[in-house]
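J.: For reference, the structure I am asking about is given below.
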Amino acid sequence: MASRGRGYHHAMQQDDRNRRPASGGAGAAAGEGTARFVILGQTAAGATFRPSDWAERLAGVMAAFRPRKAGSQQHLTYSPYVLPSSHRGIRCVIVDPKLREIEPMAYSFMLHFASDNGLVTEVLPDAAGSTPRHDLIESP
């Protein structure tokens, strides 16, 4: 087993004392793990994030993180916790907070991906239809 920190992106680091992702400057609203949020394919400056299939690539990398009873064909589908989509006409990835319960480091990776690339994030409304808060994960 590789030692912590070797062979992993810095966003995959974890604070083992409390089993939570290590802090890295991610915004509180989109990273608290209590609401679904989207990572938009748009930077804070308004530029379109490239390549154009980034959302599908990112969701494909996260496909292994799913409920245990997913079945034998699980490798052929996206994880229900990280889905490529479109939000207001912008390519995006929808992240479910259940990902944090299954694998805190994968959840942290998603937050740091947005932060490292300067991408806009937005908290989605809950099932009750509350108004979403718009937040930006600031780049370090």
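J.: Give me the residue from segment 87-104 that is surrounded by fewer than 21 Cβ atoms within 10 Å (Cβ to Cβ) and touching a strand residue (DSSP E or B) at 6+ places or on another chain (Cβ under 7 Å) and, out of that set, modelled with the lowest pLDDT.
T.: The extreme case among them is 87.
J.: Can residue 84 be described as modelled with pLDDT under 95 and either surrounded by 12 or more Cβ atoms within 10 Å (Cβ to Cβ) or more than 17 Å from residue 125 (Cβ to Cβ) (or both)?
T.: In short, no.
J.: Are any of the residues in segment 113-124 among the polar types (S, T, N, Q), modelled with pLDDT of 95 or more and in a loop (DSSP other than H, G, I, E, B)?
T.: Yes - at least one qualifying residue is present in segment 113-124.
J.: Would you be able to say whether some residue in segment 40-47 is crowded, with 16+ Cβ neighbours inside 10 Å, modelled with pLDDT of 90 or more and closer than 17 Å to residue 107 by Cα?
T.: Looking for residues that are crowded, with 16+ Cβ neighbours inside 10 Å, modelled with pLDDT of 90 or more and closer than 17 Å to residue 107 by Cα, one finds at least one in segment 40-47, hence yes.
The values are calculated or read from the model by the stated rules, or taken from the named source; none is laboratory data. It should be emphasised that the depicted structure is a prediction, and the values quoted were computed from it without experimental measurement. We place every Cβ from the backbone using ideal geometry, glycine too, and count neighbours over all the protein chains shown.
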